[in-house]
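Structure first, commentary second.
The values are calculated or read from the model by the stated rules, or taken from the named source; none is laboratory data. Note that the structure is a prediction, hence the values are computed from the model and not measured. Note that each Cβ is placed from the backbone with ideal geometry, even for glycine, and that neighbours are counted across all protein chains shown. The area values use the complete protein model at the heavy-atom level, side chains included, leaving out ligands, DNA and RNA. Shrake-Rupley method; radii C 1.70, N 1.55, O 1.52, S 1.80 Å.
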Amino acid sequence: MTLPIEVVALLAAFAYASSQVVSKLATRHGDVMSGLVVSLVAGAAALGVLCLATVDSWRIPASAVVLFVLAGVAGAGLGRLLMMRAVRDAGASVASPVLSSTQPVAATGFAVAFLGERPTAGRLSMLVLVVAGLWLSARGGSANRGIAVLHTGPVDLVRLLIWPVAAGAALATSDLLRKAALDIHPDAALGAFLGVATATLGWLLVTAVREPGALRRRPPAYGWFALHGVLTALAAFLLFLALRVGDLSLVAPIIAAQPVFVVMIGAVVLRNLEAVRTGTVVGALIVFGGIATSSLIDGTG
């Protein structure tokens with residue numbers, strides 16, 4: 001890999017953030033379920049084409065296949081379902097920073113416990129600064145909802161926070177499984193395809209059972225949903241590239257920076273929908289400063 005791992009991970013975070021902004025444009029036209037089908041199929045198709053162009057051999061150890069598939073189930077499947085529940089119960093302004101903070105912390109813990117990684121002082125500093133920056137950025141963008149939630153009773157607070165924490169843990173588990181699979185079979189394109197294809201088949205099955213009509217409808221924002229799928233596929237591929245050669249404890253906190261990119265891109269593309277406040281900007285600077293700090297302290301990152 002010619003680019004530094006940090007740069008590849010940042011590109012993945014930017015691609016994920018771009019897909020979220022595109023999804024906002026797409027969902028303004030409604031019909032989310034049929035749009036999700038279009039998005040998933042487009043993403044799987046894009047990665048399939050990439051595999052046909054780059055993969056020399058489709059022979060892959062069964063253990064790696066199982067891990068790649070389980071990563072798709074844990075991330076795009078369980079993680080997405082839990083995040084939807086978290087947003088419904090606690091609101092995006094609370095769910096997003098809790099999830100974004102839980103994922104890198106849990107992923108780093110998993111990396112230490114299961115992969116034998118030993119995070120350096122620079123990486124631990126980055127983790128702390130990224131989490132702090134994400135919280136400050138979220139509060140700067142929409143603090144009222146978060147403050148209101150914190151003033152609820154302890155039982156209600158646990159009930160509201162358990163879903164975004166669980167979603168973050170599910171996504172961290174997905175990252176752990178991806179890294180373990182890549183250690184067995186280091187093919188980023190094929191790994192990303194297996195994960196996304198698994199998620200696509202799973203969601204198609206869920207949609208067919210819960211809302212079969214969505215499979216026959218063509219959403220008005222067909223192009224936007226397809227673009228969302230392609231961007232998500234690109235992000236997944238870049239994430240796999242970063243994890244193929246980089247430690248999970250290094251990559252996970254950088255990927256967690258995607259909410260900052262969402263605000264930055266939204267300020268340009270969705271200027272009538274997104275508001276950038278002082279706290280948001282300061283939080284973003286802390287996040288990127290934390291990522292730079294890792295390289296400065298460790299020398300090479």
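Data table
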read-out: Val7 of a type in the set (A, V, I, L, M, F, W, C), farther than 19 Å from Gly195 by Cβ and assigned to a helix (DSSP H, G or I); value: yes
read-out: Looking only at the stretch 280-300, and only at residues there that are open to solvent by 20 Å² or more (accessible area, probe 1.4 Å) and small (Gly, Ala, Ser), the one that is modelled with the highest pLDDT; value: Gly289
read-out: Members of the stretch 76-134 found to be open to solvent by 20 Å² or more (accessible area, probe 1.4 Å) and charged (D, E, K, R), listed by number; value: Arg80, Arg85, Arg88, Asp89, Arg118, Arg123
read-out: Flag for Met84 being without any contact (Cβ under 8 Å) to a residue 60 or more places away in the chain and in a helix (DSSP H, G or I); value: yes
read-out: Residue in the stretch 33-53 that is closer than 18 Å to Ala257 by Cβ, without any contact (Cβ under 8 Å) to a residue 60 or more places away in the chain and aliphatic (A, V, I, L, M) present; value: no
read-out: Residues of the stretch 21-53 satisfying the condition of being modelled with pLDDT under 90, within 21 Å of Phe193 (Cα to Cα) and surrounded by fewer than 19 Cβ atoms within 10 Å (Cβ to Cβ); value: Val41
read-out: Hey, Ala15 closer than 17 Å to Phe193 by Cβ and part of a helix (DSSP H, G or I) or not; value: yes
read-out: Residues that are under 9 Å from the mean Cα position of the chain (by Cα) and not aliphatic (A, V, I, L, M), drawn from the stretch 249-265; value: Gln258
read-out: Counted residues, the stretch 156-199 - those being aliphatic (A, V, I, L, M) and touching an Asp or Glu at 6+ places or on another chain (Cβ under 8 Å); value: 1
